[in-house]
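Working notes for the structure below.
Derivation of every value follows stated rules applied to the coordinates shown; laboratory data play no part. Note that the structure is a prediction, hence the values are computed from the model and not measured. Every residue, glycine among them, receives a Cβ derived from its backbone with ideal geometry; neighbour counts consider all protein chains shown.
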Amino acid sequence: MPYHPPRLLIIPGLRDSGPTHWQSWLQIQYRDARRVQQRDFSTPDLPRWSERIQRTLESAESDGHRGGWIAVAHSFGCLALAEHLAARPDSPIREALLVAPAEPDKFGLAEQLPHQRLPRPTQLIASQNDPWMSAASALRWASRWGSSYSNLGRVGHINAEAGFGPLPLARRWVEQARARAAREQRPLHADFREWSFAT
C-alpha cells in the first residue's frame, strides 16, 4: 500500500485563531490541513468541542483520507483535544502539540479532564507569565498527561496579541512528527519490496 503522510489538524481556542495568529500561519503551510470549526467559538463547552474534533476527523475520512493525523491545539482547544484523546483511544491522531493550554479551573473543568497519561505522544508548550495558565499548573498537567514539557519564558499566552504570528517551533514539530511517521512506515514498505523481489 502507498504511504500516506499524516495530515495536520488545527484546533483553535476561544474566539478562534484570527488571520494573524500563528495557528493560521501554520495552517497555510500545509495545503491538506484541516481546521476544527466550533459552532460557537465564544462558549467553552468541553463535550461539544471534543465532539467537534471527532466530527472533523470523520468528515475527512469520508473524503478518503487514510494517513492519520497530527494535531496542534491552542488554549481551550488543548483541553478539548485532551478530552478527545482520553475518550477515544482509537483516535486517528498520532501525536499532538498542546500550546498554552487554558487553565481548567477557570472553567470548572479540572475534574472532567483526564488525570492520567494520554494514549498518544504529546508535547506541551507553556509560558512563564501566561494569564490563562500558570507555569506551575502547566507543568502539573503535562506530568499528568505524560507530555514532554517546554517553557518559552515570559512570552504571555503565545498568541497573536503576544506577538506570535509565525511560530517556527510549531512547524518544526509538525515536520518532525511527519518524519517519525515516515520512519515507522518505511520498514514495512522495505520488507514488502524485498518479499516481492524474492518471489
Peptides ranked, highest mean first, by Cβ atoms within 10 Å: ranges 133-139, 12-18, 26-32: 12-18, 133-139, 26-32
Filter the trypsin sites (Lys or Arg not before Pro) in region 38-143 to those in DSSP coil with at most 12 other Cβ atoms within 10 Å of their Cβ, and list the result. Arg39, Arg66
Taking only Cα atoms and a 10 Å spring cutoff, compute GNM fluctuations for the chain and point out the largest among Gln185, Gln123, Gln54. Gln185
Coarse-grained scattering of the chain at q = 0.08 Å⁻¹, given as base-10 log I(q)/I(0) from a Debye sum over alpha-carbon atoms: -0.27
Classify region 1-81 as rounded, prolate or oblate from the Cα gyration tensor: take a ≥ b ≥ c as the square roots of its eigenvalues, call it rounded if a/c is under 1.5, otherwise prolate when a/b beats b/c and oblate if not. oblate
